[in-house]
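A.B. asks: Quick one: this structure, given as structure tokens, is what I'll be asking you about.
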Amino acid sequence: MTKNKRKLSLALAIGLCLSLFGGLCSPVNVSAYDYNLPSLWQEYEDYFIIGTFGGWNSQHSMYHYRYSSFPNDLKLVGQIGSPDSGINTPSRNEYNRRVAEINADTSLSDADKARLIEEANRNVVLLANPNSIRMLDQIREYNKTVPERDQKKIRAHVLVWHGGQQPMYFFCNGFNYNGNKITADWASPETMLARLESYIQQMMERYAPYNDIIYSWDVVNEGLDDYTGQVRNMDDPLTQSGQWGNIFRRTDLDDPGKEDQRLYEESVYIRKAFEFARKYSDQYGADWTLYYNDFQDSNKPYEPKMSQTIKMLKPIYEAGNIDGYGMQGRLATAYPSIDLLRQQIELGLTVADEFSFTETDIRSDFKPNPDWDPTKPAEPTGDTLETNTYDVKNGPAIRRDGWGRMNQDGWTAQKASEMAMREDIQREQADYTADLMDLLIEYKDKFVVMQWDGSSDSNTFNRSKGAHLWGGVAGNPEKMSYFAFIGAPNRDKLKNALESGPTDDMAGKYPAQKWAAYQEARDVAEPLVTKRIYDMDGVNAVKEALTNLNNAIDTLDLGIKILKDYVESTDLNNGNKNALTVKLDQALNLLIKKGDKKDEAIDVMNGFVVQVNSLAGAGKLTEEETAKLIKTAEEIISNINKL
């Protein structure tokens with residue numbers, strides 16, 4: 001059977017399977033982790049950084065990712081210690097020691113004692129030797145062994161968060177939590193702002209010496225509730241809880257019409273966190289970019305949270321205390337749309353100068369909810385069987401047909417991993433991935449880093465949801481989305497090459513044979529710019545078309561590119577090389593992009609010859625180099641005259 005017939009037979013078999021069984025086909029068989037395939041970060045090296053939200057030194061991470069984040073080690077619990085009660089933690093121990101000392105001092109008045117005890121109540125004490133220091137030291141040692149291009153960097157995550165990695169005692173007087181949210185002795189807002197400053201100052205001081213490794217800090221992560229768009233608090237056990245919001249809760253602003261005022265007042269700790277982070281990072285000489293980081297679940301509407309986030313960040317941006325807008329990138333093929341993501345990016349860039357995707361995965365287990373009513377709010381159901389991802393009524397996405405609920409009716413992680421490898425599901429995820437990367441490439445001047453969460457469908461936040469570029473089945477094979485992902489920058493390079501090449505109205509200015517070769521290469525390249533890519537053959541087709549197109553364009557430049565390469569091979573310093581190559585780029589631009597600027601191109605080339613003679617006279621070029629450069633330049637001038 002021929003290769004084409006084999007592909008046709010496979011397509012027919014898949015089509016028959018889809019029609020008979022509603023799309024439930026066997027997984028597509030592909031290879032396991034293959035380190036002969038392209039590295040993600042290297043494919044995007046000319047665009048932006050590719051990283052991971054997870055370990056930095058596995059073989060997979062070392063090969064595919066430049067930047068990493070420690071998921072938990074730089075969170076509050078990793079820096080001040082557990083348990084929730086606060087027993088035997090540095091802050092609690094120091095508080096108890098200081099209170100005993102104050103009470104034993106008979107020279108103090110009751111008022112003085114109260115004042116000093118409150119000072120002790122505001123003093124945060126860090127762990128002496130957190131795991132994060134050890135990890136940063138390991139990265140520094142590794143970086144000494146590799147070129148700068150291969151060195152690892154860290155996005156530090158995070159100063160202010162909520163939930164399990166924020167020990168409850170931190171929010172209580174005396175650093176003492178009694179285990180009961182109702183009767184706990186919660187600290188006052190004033191005390192918590194003082195603790196916040198104490199903590200951030202110490203963190204900036206501690207990690208400023210790692211300025212060569214840490215490039216950015218998440219100052220605040222996930223400050224707002226998905227459902228209400230207000231600061232997370234502890235009012236409703238079904239919504240997303242936050243200890244900070246509990247401290248700064250303003251029930252007097254719950255009346256209709258006071259939503260914006262409530263948001264502003266309750267988010268004061270977020271503004272202060274950025275103020276302190278800017279103040280102390282500057283004080284300790286660290287040039288970190290400061291980020292607000294948040295997610296939008298793919299089965300919850302983006303509004304009102306998206307607009308509320310922008311309102312909250314606006315005064316922080318106006319104060320000059322935020323640099324970056326972090327979108328976690330918890331996406332699904334069903335939701336959000338690419339247009340909605342574009343809207344979010346545009347909004348984010350009104351309150352930040354750059355943006356990043358920080359914990360990306362793309363779920364395959366959802367389909368659009370046909371009964372979603374965007375005019376009504378989404379509501380939590382309290383169903384935690386699938387953690388916090390299926391607890392929604394009236395959401396934009398629901399589970400696709402055939403995708404079960406974990407540990408219900410025989411549905412397992414293995415079955416989920418197998419279903420994610422179905423060809424139709426893989427193609428859907430690959431197409432979404434391609435469209436997403438096309439969008440981010442559009443914003444490459446503002447987009448800094450894309451971090452993937454984990455390493456496969458079975459090792460990511462949304463595990464067992466078909467959410468990664470690598471499968472969760474045995475061997476963790478590359479999925480179609482992997483090839484779509486690495487195809488995107490190559491398609492963009494091809495598009496740029498087409499746009500920079502001469503247009504049809506310039507055909508008469510070049511030798512017919514060379515023009516025909518260029519036109520043939522262009523005809524092959526044009527349809528590949530928008531072609532869907534699902535395998536390495538598709539990626540290679542784009543790369544080959546780019547090479548052929550560039551070669552064809554190079555033949556039209558009458559030898560300028562060859563001369564440019566020779567300049568680069570000389571022993572001139574970079575400044576002199578740049579001065580010469582700028583001349584050649586100008587001539588090339590006049591010839592190819594403008595076409596009718598022959599005389600100007602000749603003037604530029606004559607200027608090149610003058611510059612070469614000047615460098616030769618100064619002893620910067622050998623006689624052989626000078627002769628070759630001038631001879632080649634004169635040949636190019638002669639060829640231009642013949643156009």
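The values are calculated or read from the model by the stated rules, or taken from the named source; none is laboratory data. Bear in mind that the values here come from a model prediction, so they are computed numbers and not experimental data. Here the Cβ is made from the backbone with ideal geometry for all residues, glycine too, and neighbour counts use every protein chain on show.
A.B. asks: Among the helices (runs of 4 or more DSSP H) contained in segment 566-643, which hold 1 or more residues that are of a type outside the set (Asp, Glu), surrounded by fewer than 16 Cβ atoms within 10 Å (Cβ to Cβ) and more than 45 Å from the chain's Cα centre (by Cα)?
C.D. replies: Hits in segment 566-643: 598-617, 623-642.
A.B. asks: Does residue 489 qualify as being at pLDDT 95 or above and either farther than 24 Å from residue 362 by Cβ or part of a helix (DSSP H, G or I) (or both)?
C.D. replies: So residue 489 fits the description; yes.
A.B. asks: I would also like to ask the following. Tally the residues that are among the acidic types (Asp, Glu) and surrounded by 20 or more Cβ atoms within 10 Å (Cβ to Cβ), restricting the search to segment 122-176.
C.D. replies: Total meeting the criteria: 0.
A.B. asks: Here is a follow-up. When the residues of segment 201-219 are filtered to those that are touching a Ser or Thr at 6+ places or on another chain (Cβ under 9 Å) and hydrophobic (A, V, I, L, M, F, W, C), which remaining residue is surrounded by the most Cβ atoms within 10 Å (Cβ to Cβ)?
C.D. replies: Filtering first and then ranking leaves 217.
A.B. asks: Return the residues of segment 95-109 that are surrounded by 12 or more Cβ atoms within 10 Å (Cβ to Cβ) and among the basic types (Lys, Arg); say none if nothing qualifies.
C.D. replies: 98, the sole residue that qualifies.
A.B. asks: Right, next: Which residues, taken from segment 499-527, are in contact with a Lys or Arg (Cβ under 7 Å, 6 or more places away or on another chain) and not polar (S, T, N, Q)?
C.D. replies: Selection gives 501 alone.
A.B. asks: Take residue 452 and tell me if it is touching a helix residue (DSSP H, G or I) at 6+ places or on another chain (Cβ under 7 Å) and among the aromatic types (Phe, Trp, Tyr).
C.D. replies: Against the criterion (touching a helix residue (DSSP H, G or I) at 6+ places or on another chain (Cβ under 7 Å) and among the aromatic types (Phe, Trp, Tyr)), residue 452 does not qualify.
A.B. asks: Continuing with this model, one more query. Would you confirm whether any residue within segment 77-87 is surrounded by 15 or more Cβ atoms within 10 Å (Cβ to Cβ), acidic (Asp, Glu), within 19 Å of residue 176 (Cβ to Cβ) and assigned by TED's automatic domain parsing to the domain that holds residue 186?
C.D. replies: Yes, because at least one residue in segment 77-87 is surrounded by 15 or more Cβ atoms within 10 Å (Cβ to Cβ), acidic (Asp, Glu), within 19 Å of residue 176 (Cβ to Cβ) and assigned by TED's automatic domain parsing to the domain that holds residue 186.
A.B. asks: Please go through segment 328-355 and pick out each residue that is out of contact with any strand residue (DSSP E or B) (no Cβ under 9 Å at 6 or more places or on another chain) and either closer than 18 Å to residue 48 by Cβ or of a type in the set (A, V, I, L, M, F, W, C) (or both).
C.D. replies: If the condition is that a residue be out of contact with any strand residue (DSSP E or B) (no Cβ under 9 Å at 6 or more places or on another chain) and either closer than 18 Å to residue 48 by Cβ or of a type in the set (A, V, I, L, M, F, W, C) (or both), then 338, 340, 342, 346 are the ones that fit.
A.B. asks: Pairs needed: first member in segment 296-307, acidic (Asp, Glu); second member anywhere, not in a loop (DSSP other than H, G, I, E, B); C-beta distance under 7 Å; at least 6 residues apart or different chains.
C.D. replies: Once the first residue is acidic (Asp, Glu) and sits in segment 296-307, its partners that are not in a loop (DSSP other than H, G, I, E, B) give 297/330.
A.B. asks: Hey, which of the strands (runs of 3 or more DSSP E) in segment 233-340, taking only ones fully inside, have at least 2 residues that are under 15 Å from residue 221 (Cα atoms)?
C.D. replies: Fully inside segment 233-340 and qualifying: 289-294, 324-327.
A.B. asks: Moving on. In the list 461, 483, which residue meets the criterion of being in contact (Cβ under 8 Å) with a residue 24 or more places away in the chain, touching a helix residue (DSSP H, G or I) at 6+ places or on another chain (Cβ under 7 Å) and among the aromatic types (Phe, Trp, Tyr)?
C.D. replies: The match here is 483.
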